[in-house]
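Let me begin by presenting the structure, written as C-alpha cells, before commenting on it.
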Amino acid sequence: QVQLVESGGGLVQAGGSLRLSCAASGSTFSISFMGWYRQAPGKQRELVATITSNGVTNYVDNVKGRFTISRDNAKNTMYLQMNNLTPEDTAVYYCNTAQTSWSWGQGTQVTVSS
C-alpha cells in the first residue's frame, strides 16, 4: 500500500506564498494520475489540481493562475506552489491519486490570515 506524506503548510498572510510537498512510497507513483485536495472547516474535501504522469495539469477555477502543481517522478514527490493566497484557501491539504485510490495521509494545514 502506498503511503503519502504531505508537508509544507503553515500560517501565512493574505497575498503570501507556500509550497506544499507530497512524498509517496512505492513504485507506482511515477505512472499515477495525481491530485491535490483540500478540506476547509465544515466543508467537504475538494479536488483543486491534477497532474498526469507526464505532466499535463488541470486546476479548478478558483486557483487558476495562483497555484501550480508539479511532480518529480525520480523523487516520488509532487508539489503545489501556492501564490497570492487568500483566507478562502485556508484548509488542510492532501494529496492522492485523481481517483483517490490510496489511503489518505495526515494532510498539511494551510492557514491564511487577512
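The values are calculated or read from the model by the stated rules, or taken from the named source; none is laboratory data. On a predicted model such as this, the values are computed, not experimentally measured, just so you know. Here the Cβ is made from the backbone with ideal geometry for all residues, glycine too, and neighbour counts use every protein chain on show. Note: areas computed on protein heavy atoms with side chains; ligands, DNA, RNA excluded. Shrake-Rupley method; radii C 1.70, N 1.55, O 1.52, S 1.80 Å.
Tabulated results
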read-out: Those residues of segment 3-27 which are part of a loop (DSSP other than H, G, I, E, B) and surrounded by 17 or more Cβ atoms within 10 Å (Cβ to Cβ), in sequence order; value: Gly9
read-out: Ser30, sole failed condition from (1) assigned to a strand (DSSP E or B); (2) closer than 16 Å to Trp102 by Cα; (3) hydroxyl-bearing (Ser, Thr, Tyr); value: (1)
read-out: Some residue of segment 97-110 being within 14 Å of the chain's Cα centre (by Cα), of a type outside the set (A, V, I, L, M) and on the phi > 0 side of the Ramachandran plot; value: yes
read-out: Conditions (1) without any contact (Cβ under 8 Å) to a residue 24 or more places away in the chain; (2) out of contact with any Phe, Trp or Tyr (no Cβ under 6 Å at 6 or more places or on another chain); (3) farther than 24 Å from Ser113 by Cβ; number of the one not met by Ser70; value: (2)
read-out: Sole exception among (1) outside any strand (DSSP E or B); (2) open to solvent by less than 30 Å² (accessible area, probe 1.4 Å); (3) free of Cβ contacts under 8 Å to residues at least 40 places away in the same chain for Leu85, by number; value: (3)
read-out: Condition check for Asn73: surrounded by 14 or more Cβ atoms within 10 Å (Cβ to Cβ), under 20 Å from Gln1 (Cβ atoms), more than 11 Å from the chain's Cα centre (by Cα) and of a type outside the set (Asp, Glu); value: yes
read-out: Single residue of segment 40-58 satisfying the filter (over 11 Å from the mean Cα position of the chain (by Cα) and part of a strand (DSSP E or B)) that is farthest from Asn76 (Cα to Cα); value: Asn58
read-out: Condition check for Gln109: open to solvent by 50 Å² or more (accessible area, probe 1.4 Å) and part of a strand (DSSP E or B); value: yes
read-out: Close pairs (6 angstrom Cβ cut-off, 6 or more residues apart or separate chains): in contact (Cβ under 8 Å) with a residue 24 or more places away in the chain and among the hydroxyl-bearing types (Ser, Thr, Tyr) in segment 10-38, outside any strand (DSSP E or B) and surrounded by fewer than 21 Cβ atoms within 10 Å (Cβ to Cβ) anywhere; value: Ser17/Asn83; Ser21/Gly8; Ser25/Val2; Ser25/Gln3; Ser30/Asn73; Tyr37/Arg45
read-out: For Tyr93: the one exception among (1) surrounded by 18 or more Cβ atoms within 10 Å (Cβ to Cβ); (2) more than 22 Å from Gly15 (Cα to Cα); value: (2)
